[in-house]
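What follows is a set of notes on a single structure, which appears directly below.
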Amino acid sequence: MKHLLPSRIRHKLNGWIVISGIGALAALLPSLYILTGLLRRPSENWAHIQEYMLFNYAWESLLLTGGTVAATVVAGTSLAWLTTAYDFPLRRFLSFAFVLPLAIPPYIAAYTYGSMLSYTGSVQTFMRNTLGWSVDQRYFNIMSMEGAIWIFSLFLFPYVYLITRTFLEKHSASFIENARLLGGHPVSNFFRIVLPLSQGAIAGGASLVAFEVLNDYGVSKHFGISTFTAAIFKTWFGMYDVDSAIRLSGLLMSFIIGLFIAERWMRRRRRYHLPVNRSTPLRRMRLGRVSGGIAATVGIIITLLSFFIPVAQLAVWAVWTYDDVWNDRFFRMIGNTLGVSAAAAALLMVLAVIAANASRTWRSGITLVSSKLLSMGYSIPGAVLSIGVLAVFISLDKRLAGVYEAMGFGANKLVLSMSLIMLVFAYIIRFLAVGFNAVDAGYDRIGERYSEASRMLGHGVTATFFKVELPLIKGAVLTGGILAFLEIVKELPLTLLLRPFNFDTLATKAYQYASDEQIHQAAIPSLIIILLGVIAVCIYQWMGRRGST
Amino acid sequence: MSFVSIHALSYSYPGTAAAVLNDFSLDLEQGEVVGLLGQSGSGKSTLLRLIAGLEAPSQGEISIQGETMSSRHKFVQPERRGVGMVFQDYALFPHMNVSRNIAFGLRGLSRNERKNRVTDMLELVKLADYGHRYPHELSGGQQQRVAFARALAPSPRLLLMDEPFSNLDSELKNGIRKELKELLHQTGITSILVTHDHEDAEALCDRIIRMTSFMPELQAGKKHQLVTS
Ligand SMILES: Nc1ncnc2c1ncn2[C@@H]1O[C@H](COP(=O)(O)OP(=O)(O)OP(=O)(O)O)[C@@H](O)[C@H]1O
Ligand SMILES: [Mg+2]
């Protein structure tokens, strides 16, 4: 077997690579299961689903995703350009504040705004009772397609903003300064130079937005929009037709893989050889009094809407419901959340480190592909992934039935698929990329010299890892672990679908309150999630700054 | 049987078509110091990496003391080759002080033996009082001497040096060159020195090899030219 491999590969084969290969296969299993679902014979329901659901639901999903991507690209790119190229009052504060919405998961924003703007919500009550206005309900109905696009755009634009801004700060100085010297008009410079240059960065941000929207379950459920994910749920839990649900998932996944490849392809074509001009960042142009004032005002309105107003509203509700929510059971639930998230994050980091190490010692096509596959886990919607994971675990349980019987659990028991192991496994697949990217960046920073020096001094790959690499990348490993942990804490769709009976996390509890019309009670768990999110945002900012020096 | 034997070695980096080395052969006698000269990109560093086992050749064989290190059927991992290397940027471990850097390659020794060996090495490179410093607290020349001490501490069979002087200014270089000559003489170690500087090579080496960058259309199949000083 070993001799079938080319000698160059064979000579670098080690335990790390074998482990990460097995890990990659395990991580791929659920996705493969779903994709092979497309090849199986459809059930008799399928014709019905195809006729009455498929097209409508796909169209709604496309509309939602397309609308959000368009809005976030416009907002994210122009704000990125505004804060890198111009100086105006409050610029420093605003350029950080524009990232903060990432701390608020869209599902929390959806029910916060939904309730705020309702007939009995704070906005309309204020208008009616204090201002004496009577308002047309139509203008306040956010529970619609437009409303959902609005919510997603307000809370996801930072992906485009952040990636584009980082790119512009790093690379654009010389081009733009030249264009300015050549006397181009600022607006035409933006369209003729900035936009084409940052196309790759914008596409990267936009694809993250698209994946988030397609992953969403909470917003569309709360607003009653029939997305593709909703169709999967309906066939699964409404019609109990698991085969068709898997089929739908397979279709969605093929679409996403297409999107993924398109994004990579677009970026590859656009990879100019850009001079990295670190010593001279772009000199910002000072805006005049009026235009500066307008820029600052627009910026403030955006941050108020996308962070401070919803947080303030949640804080008010939290005060109202404090006695009701804050009790022993709530504490136990927080313990649950933090415990499972920490365990999953720790395991995930072990795998991330092994994978990053392997992909480094074995620089070749295959490891490149597998690291791309790893990062794809992040783009598979939670509902799709959970169907795959569930299917794999149930068939595993069937296979282990004999073992369970011998161990005294009784026959025909579902052990693994009823346990937290399944949820942890799903978390790891979904967020492995977060840990992997952090570790990979850490490895990039130290380069290969130290590892090679250690090998030359008689230490093997493993000893080198523990004695040399780990001490040098431990900061990166820690950051990756914290980021993965925070992502897991706020994860909703996977947790909702794969948690054991009666197991609640902060996210599921908040969601449950909100869907039981107890929106005020959802405020405290939501605020805790947002606080953890703010910490994550700060870490990302700090990492970015360190990475660029 | 020569001490180090490199036979018909070919190599190209993964994903690139052009060969960096093609059918390259070289033999070293025990205790010999060979200088490798050649223009940038001619594959000097690549050759050292192949000998060290940091890359696996596409074709050809490398053996040390009659023992095959790289061939079609065999590949000895770098940590098992008993080869020491001084890197261009020294690669001193930043999280260890000088003593621990030097002790890093010493295995299978008692605590005391190890301590003595470190002290000996520090004295050899004239840095007896610097054991507790960290690499970033040393000058470029001092760092370079630590790199030598670290590479020599485990008594390798063969020492590879990739442009060890390139980070030093010329005044410092003259002093260091003399010290290195003494050091190589004292230890009697077989070594290969890659350098850009003809003077370095003349001063330090018993034999000089000039590597010409391989251009397939001009010299297909020809062996690299050997120039003996
Ligand atoms: N990691 C790599 N991947 C692909 N090609 C490489 C890699 N490292 C080196 N090369 C190529 O291999 C050739 C030989 O490189 P090498 O570093 O061995 O040259 P060198 O003689 O040491 O040059 P210098 O004197 O500049 O150090 C060069 O053409 C270089 O571009
Ligand atoms: Mg070189």
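Only the coordinates and a few stated rules stand behind these numbers; no lab work does. Source: prediction; values computed, not measured. Methodologically, a virtual Cβ is constructed for each residue, glycine included, from the backbone with ideal geometry; neighbour enumeration extends over all protein chains shown.
For the peptides A:212-221, A:527-536, what is the packing order when you average, over each peptide's residues, the other Cβ atoms within 10 Å and list the highest mean first?
On the way: A:212-221: 24.1, A:527-536: 19.0.
By packing density, highest mean first, the sequence is A:212-221, A:527-536.
Could you tell me how far the Cα centroid of the stretch B:142-191 sits from the Cα centroid of the stretch B:79-131, in Å?
Their Cα centres are 13 Å away from one another.
What's the magnitude of the charge dipole for the stretch B:85-155 around its Cα centre, counting Lys and Arg as +1 and Asp and Glu as -1 at the beta-carbon? Answer in Debye, nearest 20. Provide the component values of the computation, followed by the final result.
Working: 10 positive and 6 negative charges, 48 e Å.
Taking the Cα centre of the stretch B:85-155 as origin, the dipole is about 240 debye.
Suppose each label sits 7 Å from its Cα in the direction of the beta carbon; what would the A:A70-A:E405 distance come out to in nanometres?
Distance between label points: 6.0 nm.
In whole Hz, what ³J(HN,Hα) sequence does the stretch B:127-134 give by Karplus (6.51, -1.76, 1.60; θ = phi - 60°), x for Gly and Pro?
10, 3, 9, 10, x, 8, 6, 9
List every residue whose amide H lies under 5 Å from the amide H of B:L9, counting only residues 5 or more places away in sequence or on a different chain, with H placed 1.01 Å from N in the peptide plane.
Answer set, sorted by chain and number: B:D23, B:F24, B:S25, B:E61.
Multiplying the sequence separation of B:T16 and B:A128 by 0.36 nm and subtracting their Cα-Cα distance, what value in nm do you get? Let's see the in-between values first.
Numbers: separation 112, 0.36 × 112 = 40.32 nm, distance 4.65 nm.
The B:T16-B:A128 span can extend by a further 35.7 nm.
Rounded to the nearest 500 deg cm²/dmol, what is the calculated helix-only ellipticity per residue at 222 nm for chain A, with -39500 (n - 2.57) per DSSP H run of length n ≥ 4? Could you put the intermediate results ahead of the total?
On the way: 27 runs with 387 residues, N = 549.
-23000 deg cm²/dmol, from helical runs alone.
For a quick check of your reading of the filter: which chymotrypsin sites (Phe, Trp or Tyr not before Pro) in the stretch A:469-549 sit in a DSSP loop and have no more than 11 other Cβ atoms within 10 Å?
Values: sites: A:F485, A:F501, A:F503, A:Y511, A:Y513, A:Y540, A:W542; in loops: A:F501, A:F503.
Passing sites in the stretch A:469-549 are A:F501.
Rounded if a/c is under 1.5, else prolate if a/b is larger than b/c, else oblate: which is the stretch B:85-155, with a ≥ b ≥ c the root eigenvalues of its Cα gyration tensor?
On the way: a/c = 1.65, a/b = 1.45, b/c = 1.13.
Verdict is prolate for the stretch B:85-155.
With a ≥ b ≥ c the root eigenvalues of the C-alpha gyration tensor of chain A, is it rounded (a/c under 1.5), prolate (a/b larger than b/c) or oblate?
Details: a/c = 1.61, a/b = 1.08, b/c = 1.49.
Oblate, since a/c reaches 1.5 and b/c is not below a/b.
Excluding A:F152 itself, what net charge comes from residues whose Cβ is under 10 Å from its Cβ, given Lys and Arg +1 and Asp and Glu -1? The partial results should precede the final answer.
Details: positive: none; negative: A:E212, A:D216.
Net charge around A:F152: -2.
Place a +1 charge on the Cβ of each Lys and Arg in the protein assembly as shown and a -1 charge on the Cβ of each Asp and Glu, then give the dipole magnitude about the Cα centre in debye, rounded to the nearest 20.
540 debye
Count, for each residue of B:79-87, the Cβ atoms from other chains sitting within 10 Å of its Cβ, then give me the mean as a whole number. Walk me through the intermediate numbers first.
On the way: counts 10, 3, 3, 1, 2, 3, 5, 2, 5.
Counting Cβ atoms of other protein chains within 10 Å of each residue's Cβ and averaging gives 4.
Tell me which aspartates and glutamates have Cα within less than 18 Å of A:K509's Cα, excluding those fewer than 8 residues away on the same chain?
A:D216, A:D323, A:D324, A:D328, A:E487, A:E491, A:E517
Count the net charge of all other residues whose Cβ sits under 13 Å from the Cβ of A:M333, scoring Lys and Arg as +1 and Asp and Glu as -1.
Details: positive: A:R329, A:R332, A:R499, A:K509; negative: A:D328, A:D504.
Counting the neighbours of A:M333, the net charge comes to +2.
Name the chymotrypsin sites (Phe, Trp or Tyr not before Pro) in the stretch A:372-443 that are in a loop by DSSP and that have at most 15 other C-beta atoms within 10 Å, would you? List each step's numbers first, then the result.
On the way: sites: A:Y378, A:F393, A:Y404, A:F409, A:F425, A:Y427, A:F431, A:F436, A:Y443; in loops: A:F409.
The qualifying sites are A:F409.
Does anything in the stretch A:508-533 have its amide N under 19 Å from the 7 Å Cα→Cβ label point of A:F237, and if so which residues?
A:508-519, A:522
Tally Lys and Arg at +1 and Asp and Glu at -1 over the other residues with C-beta under 12 Å from the C-beta of B:Q143: what net charge comes out?
+1
Can you work out the Karplus-derived ³J(HN,Hα) for every residue in the stretch B:139-148? Use 6.51 cos²θ - 1.76 cosθ + 1.60 with θ = phi - 60°, whole Hz, and x for glycine or proline.
Per residue, the Karplus-derived 3J(HN,Hα) values read 6, x, x, 5, 4, 5, 5, 4, 4, 5 Hz.
I'd like the FRET efficiency for B:S25 and B:Q186, computed as 1/(1 + (r/R0)^6) with the beta carbon distance as r and R0 of 25 Å, rounded to 0.05.
0.25
Non-local amide H neighbours of B:I209 (under 5 Å, H modeled in plane, Pro and chain starts lacking H): which ones?
Amide H neighbours of B:I209, under 5 Å, 5+ apart: B:G35, B:L36, B:L37.
With θ set to phi - 60°, apply the Karplus curve 6.51 cos²θ - 1.76 cosθ + 1.60 along the stretch A:378-395 and write out the HN-Hα couplings as whole Hz, x wherever there is a Gly or Pro.
6, 9, 7, x, x, 5, 5, 4, 5, 4, x, 5, 4, 4, 4, 6, 5, 5
Using amide H atoms built in the peptide plane, which far-off residues or other-chain residues are under 5 Å from B:V86 H to H?
Hits under the 5 Å cutoff: B:L160, B:M161, B:D162.
Suppose every Lys and Arg Cβ carries +1 and every Asp and Glu Cβ carries -1, with no other charges. What dipole size does the stretch B:13-126 come out with about its Cα centre, to the nearest 20 debye? All intermediate terms of the calculation are to be shown ahead of the outcome.
Details: 13 positive and 12 negative charges, 123 e Å.
Dipole of the stretch B:13-126, to the nearest 20 debye: 600 debye.
Pick out, from B:H196, A:S417, A:S118, the residue whose Cα sits farthest towards the positive end of the charge dipole of the protein assembly as shown, with +1 on the Cβ of Lys and Arg and -1 on the Cβ of Asp and Glu.
Ranked along the dipole, the leading option is B:H196.
May I ask you to list the GluC sites (Glu not before Pro) in the stretch B:143-199 that are in a DSSP loop and have at most 14 other Cβ atoms within 10 Å of their Cβ?
Here no loop site has a sparse enough neighbourhood.
In peptide A:447-455, what is the residue-averaged number of other protein chain Cβ atoms found within 10 Å of each Cβ?
On the way: counts 2, 2, 7, 6, 2, 8, 13, 6, 9.
What the average comes to for A:447-455 is 6.
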